[in-house]
1. When the gyration tensor of the range 490-582 is built from Cα positions, what are the square roots of 5 times its three eigenvalues, in whole Å, from largest to smallest?
2. Please give the net charge around L147, taking every other residue with its beta carbon less than 12 angstrom from that of L147, where Lys and Arg add +1 and Asp and Glu add -1.
3. Measure up K423/K580; K226/K456; K30/K159 against 19 Å on the Cα-Cα distance and list the ones that go over.
4. Using the Karplus equation 6.51 cos²θ - 1.76 cosθ + 1.60 (θ = phi - 60°), what ³J(HN,Hα) coupling, rounded to whole Hz, does each residue of the range 451-459 give in order, writing x for Gly and Pro?
5. If amide H atoms are built 1.01 Å from N in the plane of the peptide, which residues on other chains or at least 5 residues away come under 5 Å of the amide H of I482?
6. Determine the relative contact order of the chain: mean sequence separation of Cα pairs under 8 Å and six or more apart, normalised by residue count, in whole percent.
7. Where the accessible area of the range 17-136 is counted over protein heavy atoms with a 1.4 Å probe, how much of it, in %, is carbon and sulfur?
8. For the range 447-530, which GluC sites (Glu not before Pro) are in a loop by DSSP, counting at most 15 other Cβ atoms within 10 Å?
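The values are calculated or read from the model by the stated rules, or taken from the named source; none is laboratory data. The structure displayed is predicted, hence computed values, not measured ones. As a convention, Cβ positions derive from the backbone with ideal geometry for all residues, glycine included, and neighbour counts pool all protein chains shown. Quick note on the areas: whole protein, heavy atoms, side chains included, nothing else; ligands and nucleic acids left out. Shrake-Rupley method; radii C 1.70, N 1.55, O 1.52, S 1.80 Å.
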Amino acid sequence: MKNTQDIWNLKPLFDSKESLQNAMQSAITKAQDFEKKYKGNLNALNAESFYQSLKEYEALCEKLSRIMTYAFLCFASNTKEGAFYAECEMEVNKAQDFLLFFDLEFNALERAKQQEFIESAKGYAYYLELLQKHAKYQLSLQEEKVLLKTQPVGVDSFKRLFDEHLSNLRFLITLKGANKEVSEEEVLSLLYDKDREVRKMAQESLSKTLAQNLPLLTYIYNVVRKDLKITVELRGYESLEQSRHIANQTTQKSVDMMVDTINKNVGIVEEYYTLKAQLLGYDCLYDYDRYAPIANDEADFSYMESKSIVLEAFAEFSPKFYEIAKRAFDEGWIDSHPRENKRGGAFSHSAVPSVHPYLMLNHTNRRRDAFTMAHELGHTIHQYLSYSVGYLNADTPLTTAETASVFAEMLLFEKMQQRLNDKEKIALYAGKLEDVFATLFRQNVFTNFERLVHKKDGELSTEMLNALWQEENQKMFGKSVILTENYRLWWSYIPHFIHTPFYCYAYSYGQLLVFALFGVYRKQREDFVAKYEKFLSLGGSKTPKELVGIFGLDLESSDFWEIGMQEVRILLEGLKEIIKRV
């Protein structure tokens with residue numbers, strides 16, 4: 001089957017960089033006019049006039065987001081476009097500077113006036129209520145302007161340095177007697193190779209290159225740590241994590257409960273990897289064996305095969321899911337394969353409601369790439385459906401943002417099972433469990449690691465970071481996996497640590513939520529789809545508690561996290577049953 005590659009079509013955003021430049025200057029002028037019209041006047045507006053100002057504000061925000069979407073996608077597809085991205089960021093910041101007053105001035109209104117506007121804001125009530133919650137941590141208008149202007153040369157410049165530096169690194173590998181330099185994405189994919197020596201070689205290559213760059217990567221991480229502490233101090237947050245919890249619309253108690261539940265159940269991971277060593281015929285597993293395929297004869301899984309089965313899985317669940325995913329393939333929403341200077345990883349960028357999402361993959365012809373495709377298309381579908389509530393309401397907190405993506409993976413898992421015999425199902429179940437561990441337990445390790453790292457004062461040495469990383473990972477694996485000295489360095493390439501501290505717990509949150517939802521789906525398939533599409537279409541216009549309430553679930557229930565964890569154990573027990581039959 002031909003392994004067709006897809007490339008983004010950015011023309012729906014802008015025909016060219018020149019047309020973007022024109023739009024950018026127009027947006028700056030309109031933002032300036034908006035400031036002249038409304039700054040200092042919100043208190044004098046009646047409810048209807050405020051609603052109109054909010055609509056104007058939303059339209060301007062969408063115009064600026066459209067510009068930055070184009071610039072970011074250019075940079076993601078070719079990291080040598082960093083200068084263009086930086087130029088757009090500086091210009092867009094000029095426009096944002098004129099808009100900055102709006103949220104601050106709303107939050108400075110008397111409570112009664114705020115409530116008057118909220119009650120008449122139609123679909124924007126929840127958005128305005130969230131602004132109220134952030135008010136406590138906002139600085140003065142002048143201070144916010146200073147922070148905005150210095151943002152591109154502050155911690156954001158170190159984030160860009162991290163991205164550019166990692167994308168330019170090359171890792172020397174030896175395959176079939178030939179030496180070759182490959183990208184980070186490609187060397188990581190070799191950790192899934194059936195040949196143990198290839199996996200070990202890839203681990204050594206990744207570690208050797210990371211070791212050569214640890215002084216810079218350590219320095220960047222320490223800058224991020226300092227920036228977070230300064231931000232917490234300036235804005236008056238009660239903890240290092242609080243801003244993330246507010247953004248995620250959850251509570252410290254809820255997150256702590258989830259983390260504790262996962263920490264108490266790491267025995268599931270140890271039990272699985274002990275079983276995996278037996279399946280592979282190894283006396284013990286090393287870190288480079290974690291992703292070893294159970295079936296040594298597993299064939300390549302081409303891009304077109306991945307596309308076909310994902311679309312089939314979506315079509316059987318919901319015609320609407322299929323239609324959106326099909327458009328993504330047909331209309332240039334997807335950039336599918338690795339290439340030089342392209343950013344690694346995968347994502348779905350929500351872009352703007354007047355266009356469509358853009359999805360990046362780095363497909364390397366493994367079955368796990370099909371699950372990555374389903375995952376990101378789940379995001380794409382969620383983002384597209386949420387356009388119905390407008391730009392300001394479309395964004396979801398991270399705690400529910402992963403719901404559609406992980407659910408899409410479960411749809412694909414169910415579809416894959418239909419095509420396989422018991423022997424093949426062993427590999428499928430093992431792969432699914434490992435994906436769950438990566439999303440649930442590994443992300444929780446990341447959270448445990450970050451909590452320790454950010455809690456410490458002063459700059460941390462590379463060795464201290466290495467030691468904390470190794471210790472937290474070993475707790476998860478117990479005695480089932482031997483973590484080598486090389487593994488100690490692997491904190492250094494995780495982008496979330498740099499871009500969004502304490503981001504990772506949201507993956508765990510979303511995973512457990514999905515397991516609960518999928519259990520409901522199995523029992524109430526006909527009623528579920530309509531509810532689920534409603535859930536996704538509401539975007540961020542309702543609280544996560546209200547959204548989950550559509551399915552009769554309660555996020556504040558003390559039993560909630562244990563229910564999700566039980567679903568993980570059911571998967572493990574299912575694997576054991578299949579093994580008995582073979």
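1. Values: eigenvalues 126, 119, 31 Å².
Calculated on Cα positions only, the semi-axes equal 25, 24, 12 Å.
2. On the way: positive: K145, K149, R235; negative: D97, E143, E144, D156, D227.
That works out to -2.
3. Among K423/K580; K226/K456; K30/K159, the Cα-Cα distance tops 19 Å for K30/K159.
4. Values per residue, Gly and Pro as x: 4, 5, 5, 7, 6, 7, 8, x, 6 Hz.
5. Correct list: L285, Y286, D287.
6. About 18 percent, as a whole number.
7. Roughly 50 percent, rounded to a whole number.
8. Passing sites in the range 447-530 are E459, E485.
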